[in-house]
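I have placed the structure first, in the form of structure tokens, so that the comments after it can refer back to it.
Rule-based calculations on the coordinates, nothing more; no lab input. Please read these numbers as outputs of a predicted model, since none were measured by experiment. Cβ placement follows ideal geometry from the backbone for every residue including glycine, while neighbour counts extend to all protein chains displayed.
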Amino acid sequence: MEDNMDPKKLAAAKFSNQRFLATVYADEISKDLYQAMKSDTFLKNLKDTSEKFYSKELAKGARALFEFMDAAGPDTYRQLRFEYADLFLNAGENPVLPYESFYADREPTLYGEPLFEMREILRKHGLHKDPEFLEPEDHISVEFDFLAEMNRREEAGDQSAIEARIDFGRRHMAWRTEFCAVLHSADKSGFYKALAELTLGYLFVAHLASVPPAEASLNDPAYDLITLGELLKTLPLSKESFLLKPGTIAPTPIQSIPTHCYACGALCGMTAKVKDGVLMSTGGLQGDIKGGGRLCPKGAAAKHHVYSAYRLKSPLIKEDGRFRKASWDEALDKVVSDFKAFDPTKIGYMRGNDFANWVHEALFDHLGCPKTTHRPMCDNANRMANEHNLNDKRPWINYQEADYILHFGM
Ligand code: SF4
């Protein structure tokens, strides 16, 4: 047991554990990782390991993962891709939101205060998020990857990394445990349930292991962390930080950017307040005759549309009634090939309010598709009447100087 207390050995084990957790939540499980988890050797080790843990939660998670992987058949990997899209790409009815901002603010709007805190923490440690990873800095995988990096530094002898990871682990633990509970209840496959149990077990044990020796017995949690690390380090996980890059990116100053709202066709003038590249709020644009320097509630809520946690995050392709993640190339190639397979006169094109109208309209004109616009369902009668009576489809209504304002059909 004494050997388990070697801090470097413990840091190396935690590195493997956190790198594994960062990997499984960053994206779909890669085919390589899946096959390695399905190999006879890994399954045997997983089963043996699950019987060694002191922590009941870790044992339960490891056992559940073993049972899932052991029973996996030829179609399981494909089914896991569907489940990932449902849970993490907002394709399903019950998505799981792996962002600290969501749990901090209790609003399904991303890019909240935890994002700025994470950016500050990364700066302090000379890091920044890899721009290729499109999720924000308060994504659960970035947080696990940061902890993995701190453990890597600790193993290399950097004492300041110890305090950093203990402090970070404690302050950012609560939401990750809640995330595990949400994931556990949302998953229908069994795989992510098992991961949620394993993650929860890991968080509890890692927390116990971070308590100073005077306050707790470290042997059991340290043993569990090392046992888990020994198992997970056999998997094909990146040895380097894969979501974080070295180097500090300085925050950009707060800006007030004049623009316009695009939530409806009125296109009111708008002022966008932007902090470090993040839209913080929107307000009216002084001098704009349409909005009179004000926005309606829809325009004022622009931040919640832009950063809605429920937006689609990737192209999706439907197969057997379920969606899976696709690359842009694959999705666009499919659109082209499916279009070619159809008689274009049987494809209807409906145009909306969109600045890129002319691009897609030209395409559908070229194909010879019948077309319409959303206007018969929207304000076409209004526009035609205005044009006929006032020679202007959208006349600016002078409410200030009107003697009477009559609304019909309200
Ligand atoms: S502020 Fe309201 S009325 Fe003006 S463009 Fe936006 S949604 Fe339309």
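Couple of notes before you dig in:
- Sites M350 and E113 - FRET efficiency at Förster radius 41 Å, r taken between beta-carbons, to 0.05: 0.55
- Loop-located chymotrypsin sites (Phe, Trp or Tyr not before Pro) in the range 348-390 (DSSP state other than H, G, I, E, B) with a sparse environment of at most 12 neighbouring Cβ atoms within 10 Å: F355.
- Exposure proxy ranking for I140, I317, I257, based on other Cβ atoms within 10 angstrom of each Cβ and starting from the fewest, stands as I257, I317, I140.
- Sites K393 and T41 - FRET efficiency at Förster radius 45 Å, r taken between beta-carbons, to 0.05: 0.05
- Selection of chymotrypsin sites (Phe, Trp or Tyr not before Pro), the range 215-313, meeting DSSP coil and at most 11 other Cβ within 10 Å: Y310
- Degrees between helix 40-50 axis and first principal axis of the chain (Cα, 0 to 90, nearest 10): 80
- In terms of surrounding Cβ atoms within a 10 Å radius of their Cβ, D86, D338 rank from fewest to most as D338, D86.
- In this entry, the chain is assigned a mean projected area of 26.6 nm², taken as a quarter of its C-alpha convex hull surface.
- Theoretical gain in end-to-end length, L33 to L267 [0.36 nm per residue, Cα-Cα removed]: 79.4 nm
- Distance cut-off 24 Å, percentage of C-alpha pairs in the range 2-246 lying past it: 43
- The C-alpha atoms of the chain define a longest principal axis, and helix 357-367 lies at about 90 degrees to it.
- Listed residue (M384, H407, H374) projecting farthest to the positive dipole end of the range 342-410, Cβ model: H374
- Residues I254, I29 arranged by fewest to most Cβ contacts within 10 Å: I254, I29
- Taking the Cα centre of the range 87-245 as origin and assigning +1 to Lys and Arg Cβ atoms and -1 to Asp and Glu Cβ atoms, the resulting dipole is close to 180 debye.
- Overall dimensions of the range 342-410, expressed as equivalent-ellipsoid semi-axes from the Cα gyration tensor (√(5λ), whole Å, largest first), are 35, 13, 10.
- Projecting the Cα atoms of Y202, I226, L122 onto the dipole axis of the chain, where Lys and Arg carry +1 and Asp and Glu carry -1 at the beta carbon, places L122 farthest toward the positive end.
- Loop-exposed GluC sites (Glu not before Pro) per DSSP, neighbour cap 15 Cβ within 10 angstrom, longest uninterrupted part of the chain: 241-400
- Cross-link reach list, lysines versus K371, counting only Cα pairs under 24 Å and skipping chain neighbours closer than eight places: K334, K340, K346, K393
- If only the Cβ of Lys and Arg carry +1 and only the Cβ of Asp and Glu carry -1, the dipole of the range 255-306 around its Cα centre is close to 100 debye.
- Rounded to the nearest 20 debye, dipole of the chain from Cβ charges on Lys, Arg, Asp, Glu: 720
- Computed from Cα positions, the angle between helix 191-209 and the longest principal axis of the chain comes to roughly 60 degrees.
- Ordering G190, P74, V96 by Cα displacement along the dipole of the range 2-246 toward the positive end leaves P74 in first place; charges were set at the Cβ atoms of Lys, Arg (+1) and Asp, Glu (-1).
- Sites L406 and S238 - FRET efficiency at Förster radius 56 Å, r taken between beta-carbons, to 0.05: 0.25
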